[in-house]
Structures are given as C-alpha cells and as structure tokens.
1. Restricted to segment 63-80, and to residues that are hydrophobic (A, V, I, L, M, F, W, C) and surrounded by 21 or more Cβ atoms within 10 Å (Cβ to Cβ), which residue is nearest to residue 48 (Cα to Cα)?
2. Checking residue 15 against (1) at pLDDT 95 or above; (2) over 20 Å from residue 121 (Cβ atoms); (3) of a type outside the set (Lys, Arg), which single condition isn't satisfied?
3. Just to be sure, is residue 107 closer than 28 Å to residue 133 by Cβ and among the charged types (D, E, K, R)?
4. Taking the condition open to solvent by 50 Å² or more (accessible area, probe 1.4 Å), in contact (Cβ under 8 Å) with a residue 24 or more places away in the chain, at negative phi and in contact with a strand residue (DSSP E or B) (Cβ under 8 Å, 6 or more places away or on another chain), does residue 122 pass?
5. Give me the residue from segment 131-164 that is touching a His at 6+ places or on another chain (Cβ under 8 Å) and assigned to a loop (DSSP other than H, G, I, E, B) and, out of that set, nearest to residue 93 (Cα to Cα).
6. Can you tell me how many residues within segment 1-12 are open to solvent by 100 Å² or more (accessible area, probe 1.4 Å) and either within 19 Å of residue 55 (Cβ to Cβ) or at pLDDT 90 or above (or both)?
7. Restricting attention to segment 21-35, and to residues there that are among the hydroxyl-bearing types (Ser, Thr, Tyr) and surrounded by fewer than 14 Cβ atoms within 10 Å (Cβ to Cβ), which single residue is nearest to residue 87 (Cα to Cα)?
Amino acid sequence: AAKRKIIRREARSDGYIQVWNEYNETNLLRSDGKLLSNVWFRKIGLFRIPLFNEGFAIVERDDCRYNYLKTDGTLLSKEWFTNATEFENGLAMVERYKDYRWYFIKEDGSFLSEMGFYQAKKFKEGFALVRITPQLYNFLKKDGELLLDRHYHDAREFENGKAAVYEFNNPKGP
C-alpha cells in the first residue's frame with residue numbers, strides 16, 4: 001500500500017494525537033511518533049473522549065462499516081459490522097452484515113451466542129431483552145442462553161428483579 005501523507009495533526013485531551021491524510025482518513029500517533037494502526041479509518045471513536053472504552057475504540061471505514069480498534073493498534077475482528085455499540089462490562093452489541101441482526105461480541109472477538117436478534121438491549125440486572133422474531137421477545141443470560149423456554153409478544157427490561165411480559169392468547173394460533 002502506498003504511504004499516506006499526513007496533512008493535519010490534532011492533540012486530543014485524552015493524550016492521543018489524531019492525524020489525517022490527504023484522503024481525509026484518520027489514524028492515531030503513538031508516543032514514539034509511529035502510527036498506532038496500519039489501517040486508516042473514516043472515523044475513530046465516533047466523537048468520544050476518551051477514544052478507548054474498556055480498551056476498544058469504535059472505528060468506521062469509508063463504506064460505513066464498523067470494527068473495534070484495540071490499544072495495541074490491531075482490530076478486534078476480521079469481520080466489519082453494519083453497526084456497533086461501545087463495550088460495557090466486557091460485551092458490546094454489533095449488527096452483522098450477513099443477516100442484519102444484533103449479536104453480543106466479547107473482548108476476545110467471539111460471540112456470546114451464535115443466535116442473532118432483530119433487536120437487543122444492553123444487559124440489565126444480568127439479562128438482556130432480545131427480540132427473537134419481529135413479534136417475539138425473550139431474555140438472554142450472560143452465558144449466551146435464553147432465560148425462558150417460551151417467547152412472548154412483548155416484554156420490558158428487568159427492574160428490581162422483575163420483568164413484565166405479555167402473551168397474546170389466540171385460540172386460532174399466532
């Protein structure tokens with residue numbers, strides 16, 4: 001790959017020096033003056049200060065796909081995602097391009113569960129509210145398994161150890 005010419009530098013309040021090249025791609029400089037990553041990005045950290053949360057900064061490519069930059073300059077995953085959230089308590093949520101469903105990704109790049117969800121909320125009181133199908137909800141446990149044997153037509157997040165669920169009873173079926 002051709003060497004990029006740095007045309008702008010900006011000291012950040014979190015101690016990093018962010019740089020841009022002639023193609024308006026961005027990277028970070030390490031304390032030794034070398035680039036942190038061998039990959040240039042459209043955005044780093046998505047306007048977050050500090051850039052890194054739990055050791056990861058969300059980065060965006062020109063095609064609006066996302067990944068996580070680690071503090072050592074490597075990427076968390078070989079896969080690029082259509083959407084990504086920040087890490088919280090060792091987990092983040094990503095929307096995968098292969099099926100446009102949400103998955104929970106761990107700090108080692110593996111997925112908490114191979115099951116993708118139409119919608120997912122962050123973990124609260126040990127459970128994440130997930131939409132299994134466009135009409136059905138359940139709760140995901142931190143071990144990647146579903147909490148309930150059956151799915152419900154509506155549900156709310158856990159609060160004070162309880163969660164409201166609603167099941168539509170139709171004698172002719174759903």
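1. Residue satisfying both the conditions and the ranking: 69.
2. (1)
3. Numbers: closer than 28 Å to residue 133 by Cβ: no; among the charged types (D, E, K, R): yes.
No.
4. Working: open to solvent by 50 Å² or more (accessible area, probe 1.4 Å): yes; in contact (Cβ under 8 Å) with a residue 24 or more places away in the chain: yes; at negative phi: yes; in contact with a strand residue (DSSP E or B) (Cβ under 8 Å, 6 or more places away or on another chain): yes.
Taking the combined requirement at face value, the residue satisfies it.
5. Start the filter on segment 131-164 by keeping residues that are touching a His at 6+ places or on another chain (Cβ under 8 Å), which leaves 132-133, 135-138.
Okay, now just the ones that are also assigned to a loop (DSSP other than H, G, I, E, B), so 132-133, 135-136.
Values: 132: 15, 133: 17, 135: 21, 136: 19 Å.
Out of the qualifying residues, it is 132.
6. Of the residues in segment 1-12, the ones open to solvent by 100 Å² or more (accessible area, probe 1.4 Å) are 1, 3, 5, 7-9.
With either within 19 Å of residue 55 (Cβ to Cβ) or at pLDDT 90 or above (or both) added as a condition, the list becomes 5, 7-9.
Residues in segment 1-12 being open to solvent by 100 Å² or more (accessible area, probe 1.4 Å) and either within 19 Å of residue 55 (Cβ to Cβ) or at pLDDT 90 or above (or both): 4 in total.
7. Residues of segment 21-35 that are among the hydroxyl-bearing types (Ser, Thr, Tyr), as a first pass: 23, 26, 31.
The next check asks that each one be surrounded by fewer than 14 Cβ atoms within 10 Å (Cβ to Cβ); those that pass are 23, 31.
Values: 23: 29, 31: 25 Å.
Restricting to residues being among the hydroxyl-bearing types (Ser, Thr, Tyr) and surrounded by fewer than 14 Cβ atoms within 10 Å (Cβ to Cβ), the top hit is 31.
Per-residue answers, yes or no, for (1) open to solvent by 30 Å² or more (accessible area, probe 1.4 Å); (2) hydrophobic (A, V, I, L, M, F, W, C); (3) part of a loop (DSSP other than H, G, I, E, B):
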| site | (1), (2), (3) |
| --- | --- |
| 15 | yes, no, yes |
| 19 | no, yes, no |
| 37 | no, no, yes |
| 50 | yes, no, yes |
| 99 | yes, no, yes |
| 104 | no, yes, no |
| 113 | no, no, yes |
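The values are calculated or read from the model by the stated rules, or taken from the named source; none is laboratory data. As the structure is a computational prediction, the values presented were derived from the model and not from experiment. Counting neighbours? That spans all protein chains shown, and the Cβs are built from the backbone with ideal geometry, glycine included. The area values use the complete protein model at the heavy-atom level, side chains included, leaving out ligands, DNA and RNA. Shrake-Rupley method; radii C 1.70, N 1.55, O 1.52, S 1.80 Å.
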